[in-house]
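Notes follow once the structure below has been shown.
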Amino acid sequence: EHRYEPHEIERKWQAIWESERTWEVPNEDDGTPRSYVLEMLPYPSGEPHMGHLKNYSVGDAVAHFRRRNGMRVLHPMGYDAFGLPAENNAIKTGVHPRKATEDSIASFQRQFRSWGISIDWSREFGTHEPRYYRWTQWIFLKLFERGLAYRKEAAVNWCPKDATVLANEQVIDGHCERCGTAVELRQLEQWFFRITDYADRLLDDLATIDWPQHVVTMQRNWIGRSEGAEVTFSSPETGVDYSVFTTRPDTLFGATFFVMAPEHPDVLRLAAGTEHEQAVRDYVNGVLNENREDRADTERTKTGVPLGRTVINPVNGEAIPMYVADYVLMEYGTGAIMAVPGHDERDFDFATQFGLEIRRVVGGGEELPYPGDGPLVNSSPEFDGLNNRDALEQIVDWLDREGKGHRSINYRLRDWLLSRQRYWGAPIPIVYCDEHGIVPVPEADLPVELPDIEDFAPQGRSPLASAEDWVNTTCPICGGPARRETDTMDTFVDSSWYYLRYTDAGNDDAAWDAKILDSWMPVDQYIGGVEHAILHLMYARFFVKALADLDLMEAQEPFKALFTQGMITRDGAKMSKNKGNVISPIGYVERYGADTARSYVLFIGPPDQDADWSDEGVEGVHRFLARLWRLGTDVAEQNGRQPLLGPLEPPEGDDLELMRKAHWAIDKVTNDMAGRFAFNTAIAAVMELVNEAYRRRDTVNAATLHFATATAASLIFPFAPHTAAEVYEALTGDRVWETHWPDADLSLLERDVVEIVVQVNGKVRDRVQAAAASTREELEAMARLRPNVVAHIDGKQIVKVVVVPSKLVNFVVR
Ligand code: ANZ
């Protein structure tokens, strides 16, 4: 009696793929259509987890499916190897981040190979290798040349625990994304990428890519484009004008006070000499020490103090009092607002608190504040009675004519702060010279290699600052003494272009050859976790647009289509070390084989959804693969190897039924995989085919059984490649991945379609075509959707549904 020995089978095929370099693709054009299938590269820390297994199983299924449909598929792998966890680990344990990272990379490599993922290993790299970050630095210099990388002093988010600056995106509710410590503000000289120059293109081009709607929405909200006007309020007392950004210039006549952000540089000067001076000073100091999370909370009681000054409302000449209050943010608009308590909730709260006038200027709604539309009231004879949207346009035109305002667009998106006061990253290729200031390192001197140091502990500056030999250098312009930039780049810089490097990974003379890159880009299908919906995906899009503007590539978007996978959970909870509920792929692969583990993570449910791990489910998938293998082995033993032909005579009886099942499965799996990710139902269809083949094995011709079994192997190949290759070879002598994806014979399927009569209270209301194999539930669901049925059951109660499979559905209503 034979036994399914997945490990033997898997080792055998992995060795063949490895020695024959089966999944390598050349860049030279051979006329075959190309497809670039990519999963987000892993961050190498410890061992791969179930999320990795799922991510790469999804990508591999897509890659295999496309290859077998005649495409040349680029499916590479690399490692996002720089970053904080390895460095924090080094501080704790003394193990150099390079060592910890490379150990982890080695285990990822081992596991990817043991999973049989079809990777083109010839293009592999880690982003921490000088041969890679040399070009990361080169891209930085290109952006610098174009004015897209710049240095300025800025109030930055500072994590006191990690002792580093964080990008806005890495601050979650006022806390460090990585360690959860409350973030503080600090003033530091920092490097930025001018991503805000691209705000409109990043927004508009969302329409050109096939991404999940929720990711598009997150990107749109992050960019946060608002249309409105900038309006100038003058302050005759102090001789200064202050502009505000408002989305509601139609409410200008309702502005009854004016508020500045505590960080506004003029606040202290304005209050100076007034009775409020001390109170303003105290308030501002208090706010600067405030927890940023509290400050963002819209629910909490509004605070603020008067500045003792007024400004003039340009539309009616009224002098309105100025305040400083923390609900106005310095980073948005102009850092000052006109307050319209009648129509803005925050202003309303503040006015109520401080007893300020609340004036209605838009009609409608019962109560104030009223944020909606309506006719203008209490404004001016010129505008009263006009619909507020029309009034808005006219008021802005008037402001423009008078030189008191103009249309304006604001974005929530901020420039990308990329410098990090940390060791384990790509050095920023800049030196500072007393004579020449900021000087880019010449291209010929790249890479600026990361020196080896002993002490990684941050002291409020980069640990690199203590590597004196490295820091002290000469100015590329004058040869005089100069100092290197000691900050390293945010690791999001590394991962913003790695998919470009894969196209020409061995190139030592350039980051890539543009012809080669353009032949692959954009990535046709990108696959990864939704946690990267904003940061990584936005930055990568920005890089591609900037590089296209530099004529370094053609594509305007990096990822044409995106798929975001759901998490694998346990008892509904995310797996985490803290909860102690982590299960790792390695144990399952050792016990059941990679094919079972891979197929199970795809069979568990629709792959874009979260799904709960179940050991029984794993057993079930394992039994299925063992049955397929046994059937294949038996059939091969009885008949020997034969080409895949199917029955020569037109099939009848049981043969016809099994042939139909095989073609039904081909059709189903193809539809589930072509442009969709319904891998769970695709695998279920192959299971059905294998069951049907078992059921009819003693009553069908050898050729029919051979065809059905080989077809099952062929269809399961994208999910369980080793078992599939083994069974297919035993049956046909061929290598399944070298065969074209099977075609369904639809003429066999058509006869499977039956006409179903749909009745309401016994009266025929419709007839529908349905697969003969449809279940009662499917028939009822289909019938319920028919318009003429909807019309007759609408508003009535369904007391009974009669379903006669292949014939009739009758709704009994009253
Ligand atoms: C007057 C007004 C009346 C406003 C009204 C709204 C409703 P979005 O849509 O997010 O762009 N604002 C402007 N700058 C601000 C800042 N630095 N801090 C806090 N709030 C600020 O929001 C634009 C609106 O947010 C602006 O329009 C301004 O309030 C406020 F019935 O002006 B509005």
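The values are calculated or read from the model by the stated rules, or taken from the named source; none is laboratory data. These numbers were taken from a predicted model, which means no experiment stands behind them. When we count neighbours, we look across all protein chains shown, and the Cβ atoms used for this are built from the backbone with ideal geometry, even at glycine.
Is it true that D672 is outside any helix (DSSP H, G or I), without any contact (Cβ under 8 Å) to a residue 40 or more places away in the chain and not aliphatic (A, V, I, L, M)?
Details: outside any helix (DSSP H, G or I): no; without any contact (Cβ under 8 Å) to a residue 40 or more places away in the chain: yes; not aliphatic (A, V, I, L, M): yes.
When the stated conditions are applied, D672 does not pass them.
Name the residue, out of R591, R641, that is modelled with pLDDT of 95 or more and among the charged types (D, E, K, R).
After applying the criteria, what remains is R591.
Being buried (at least 19 other Cβ atoms within 10 Å of the Cβ), near the ligand (Cβ under 9 Å from one of its atoms) and either charged (D, E, K, R) or within 20 Å of F233 (Cα to Cα) (or both) is the requirement here; does G405 meet it?
No.
Out of D397, D384, I need the residue that is over 15 Å from V340 (Cβ atoms), in the same structural domain as M260 (by TED's automatic domain parsing) and within 42 Å of the chain's Cα centre (by Cα). Which one?
Exactly one residue qualifies, and that residue is D397.
Return the pairs, sorted by first residue and then second, in which the second residue is β-branched (V, I, T) and in a loop (DSSP other than H, G, I, E, B), the first residue lies in the range 471-494 and is buried (at least 20 other Cβ atoms within 10 Å of the Cβ), the beta carbons are less than 8 Å apart, and the residues are 6+ apart or on different chains.
Between residues of the range 471-494 that are buried (at least 20 other Cβ atoms within 10 Å of the Cβ) and residues that are β-branched (V, I, T) and in a loop (DSSP other than H, G, I, E, B), the close pairs are R484/V448; E485/I428; D487/I428; T488/I428; M489/I428; T491/T127; D494/T127.
Against the definition (assigned to a loop (DSSP other than H, G, I, E, B), more than 21 Å from F112 (Cα to Cα) and in contact with a strand residue (DSSP E or B) (Cβ under 9 Å, 6 or more places away or on another chain)), how does G605 come out, yes or no? So that I can check it myself, show each step before the final result.
Values: assigned to a loop (DSSP other than H, G, I, E, B): yes; more than 21 Å from F112 (Cα to Cα): yes; in contact with a strand residue (DSSP E or B) (Cβ under 9 Å, 6 or more places away or on another chain): yes.
Criteria met by G605.
Taking F65 as the residue in question, decide whether it is among the hydrophobic types (A, V, I, L, M, F, W, C) and over 30 Å from D672 (Cα atoms). Don't jump to the end; show me each part of the working.
Working: among the hydrophobic types (A, V, I, L, M, F, W, C): yes; over 30 Å from D672 (Cα atoms): no.
Taking the combined requirement at face value, the residue does not satisfy it.
Taking the range 349-375 as the region of interest, how many residues are within 9 Å of the ligand (Cβ to nearest atom) and either of a type in the set (D, E, K, R) or not in a loop (DSSP other than H, G, I, E, B) (or both)?
The number of residues fulfilling the criteria is 1.
Given the options A724, A730, name the one that is of a type outside the set (D, E, K, R), buried (at least 18 other Cβ atoms within 10 Å of the Cβ) and within 24 Å of V62 (Cβ to Cβ).
A724
Among the candidates A771, A781, single out the residue that is without any contact (Cβ under 8 Å) to a residue 12 or more places away in the chain and out of contact with any Gly (no Cβ under 9 Å at 6 or more places or on another chain). Quick ask: steps written out before the conclusion?
Details: A771 fails: without any contact (Cβ under 8 Å) to a residue 12 or more places away in the chain.
The unique qualifying residue is A781.
So which strands (runs of 3 or more DSSP E) stay within the range 216-324 end to end and still have 3 or more residues that are in contact with a strand residue (DSSP E or B) (Cβ under 8 Å, 6 or more places away or on another chain) and more than 16 Å from the ligand (Cβ to nearest atom)?
The qualifying strands (runs of 3 or more DSSP E) are 304-312.
Restricting the search to the range 757-774, which residues are in a loop (DSSP other than H, G, I, E, B) and either among the hydroxyl-bearing types (S, T, Y) or more than 47 Å from the chain's Cα centre (by Cα) (or both)?
Here is the first cut: in the range 757-774, the residues in a loop (DSSP other than H, G, I, E, B) are 761-762, 772-774.
Within the range 757-774, N761, G762, S774 qualify.
Residues checked against (1) assigned to a helix (DSSP H, G or I); (2) in contact (Cβ under 8 Å) with a residue 12 or more places away in the chain:
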residue: G632; (1), (2): yes, yes
residue: E637; (1), (2): yes, no
residue: R641; (1), (2): no, yes
residue: L648; (1), (2): no, yes
residue: E657; (1), (2): yes, yes
residue: R660; (1), (2): yes, yes
residue: W664; (1), (2): yes, yes
residue: K668; (1), (2): yes, yes
residue: T681; (1), (2): yes, yes
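For the range 218-265, give me each residue that is charged (D, E, K, R) and in contact with a helix residue (DSSP H, G or I) (Cβ under 8 Å, 6 or more places away or on another chain).
Result: R220, R225, R248, D250, E263.
Collect the residues in the range 399-417 that are in a strand (DSSP E or B) and modelled with pLDDT of 95 or more, keeping them in residue-number order.
G405, H406, R407, S408, I409, N410, W416
Condition test on P447, is it in contact (Cβ under 8 Å) with a residue 60 or more places away in the chain and under 22 Å from F140 (Cα atoms)?
When the stated conditions are applied, P447 passes them.
How about the range 201-215: which of its residues are in a helix (DSSP H, G or I) and either assigned by TED's automatic domain parsing to the domain that holds L562 or away from the ligand (no atom under 16 Å from the Cβ) (or both)?
R201, L202, D204, D205, L206, A207, T208, Q213, H214, V215
Does the range 312-323 contain at least one residue that is touching a Ser or Thr at 6+ places or on another chain (Cβ under 8 Å) and hydroxyl-bearing (S, T, Y)?
no
Filtering the range 325-345 down to residues that are farther than 23 Å from L399 by Cα and of a type in the set (A, V, I, L, M), which residue is farthest from the ligand (Cβ to nearest atom)?
Out of the qualifying residues, it is A325.
Which one of the conditions (1) touching a Ser or Thr at 6+ places or on another chain (Cβ under 8 Å); (2) within 16 Å of the ligand (Cβ to nearest atom) does W115 fail to meet, given that it meets all the rest?
(2)
If you go through the range 85-121, how many residues are over 18 Å from P451 (Cβ atoms) and of a type outside the set (A, V, I, L, M, F, W, C)?
Number of matching residues: 16.
Of everything in the range 546-563, what is part of a loop (DSSP other than H, G, I, E, B) and either of a type in the set (A, V, I, L, M, F, W, C) or more than 22 Å from the chain's Cα centre (by Cα) (or both)? Give them in sequence order.
Passing the criteria: L550, D551, L552, M553, E554, A555.
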